[in-house]
Every structure is written in C-alpha cells, then in structure tokens.
Amino acid sequence: QLAMSRLGGGLSDADRHADAASIREAELSMLLRTNGSQHNILVVQGNLAIAYEALGQHEEVLRMRRKIYSGWLKLYGEEHFDTLREANNLASSLLDLQRFEEAKSLLRRTLPVARRVGTSDELTLKMNWIYARVLYRDADATLD
C-alpha cells in the first residue's frame, strides 16, 4: 500500500491527475478488499477526492467529502483533528459549488469546536478564512 500511496502522490505532484486518480482508486479498492483499517480507508478516500478535484469533478468531490467527514466523525468524534480538517475540506467544496447555506451551517457547528480544542491554529484560521469567503460570496448573507 505504501508504494501505491507514494506513486499516487508523485503522479499528483507531476500534474498527472488522471493517472493519480487511477492509482488512488486501485489503492482504495485494495483496502476495501483486504479489510483495511477505517482510518486508512478515509485517508485514501481523501487523497482520491484531491485527485478528482484536480480533474474538475466537483460534484463527485462533494459527495466524497460528505462521506469522508461522516466517517471521521464516527471514528474519532467532533473534536479530533482529522474530523475538523475534513470539515474544512467539506466547507471548501461547498463554497466551490456555491452551497453557501450548507457551508455556513457546517462552519457554525465546527468552528467553535476547533477554537475550543485548539488542535491547530492554522486549521482554525483556514476555517475562518473559508467562512469569510462564504459570507463574501453569498449575496444573501447577513452579518449574523
């Protein structure tokens, strides 16, 4: 699995996103067939979502991000770094697809958790940045 992960990462770094997606798909398939850990499955799904995003498959990325966030939430709870990072990724996907209300709702739930647990100042800053961008881009937004 490590070799596949490194190959997928190298292909992404070389802007060969279709090839990277193919490797990530094979890696995920292998993990599912061999009953890989839920943690590793979620990591590979996240890497696959990155590859799909680079290919412009935004609706598929959003579908995956919802599933991945739910997986981290079930596995580690709302205060875990991986859960909060995926909440940030999901919010970013919602912003990309102009689903502002859902992004605001998600960030209103998760930003206080990120601030409270203080897992990562950088992540909290990124979440605040996405929230600001959502408010800026949403013509119907109010300063609530």
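The values are calculated or read from the model by the stated rules, or taken from the named source; none is laboratory data. Small disclaimer: the values here were computed from a predicted structure and weren't measured. Positions of Cβ are backbone-derived with ideal geometry, glycine not excepted, and every protein chain shown enters the neighbour counts. For accessibility, only protein heavy atoms count, side chains too; no ligands or nucleic acids. Shrake-Rupley method; radii C 1.70, N 1.55, O 1.52, S 1.80 Å.
Placing dummy labels 7 Å off each Cα toward the beta-carbon, the span from Tyr76 to Asp140 is 3.4 nm. For the stretch 1-129, what % of the accessible area comes from carbon and sulfur atoms, probe 1.4 Å? For the stretch 1-129, the apolar C and S fraction of the accessible surface comes to 51 percent. The relative contact order of the chain, computed from alpha carbon pairs under 8 Å that lie at least 6 residues apart in sequence, is 15 percent. Global dimensions of the chain from alpha-carbon coordinates: Rg and Dmax equal 15.9, 49 Å.
Hydrophobic, long helices, defined as DSSP H runs whose alpha-carbon span along the helix axis is 18 Å or greater and whose mean Kyte-Doolittle value is at least 0.0, occur in the chain at 17-33, 38-54. Calculate, for the stretch 1-107, the solvent-accessible area per residue in square angstrom, rolling a 1.4 angstrom probe over the heavy atoms of the protein chains. Spelled out: the 1.4 Å probe surface of the stretch 1-107, per residue, equals 50 Å².
The length gained by stretching the chain between Ala132 and Asn40 to full extension, at 0.36 nm per residue less their Cα-Cα distance, is 29.9 nm. Taking Leu75, Leu84, Leu95 as the candidate residues, the one with maximal mean-square fluctuation in a Gaussian network model of the chain, Cα springs under 10 Å, is Leu75.
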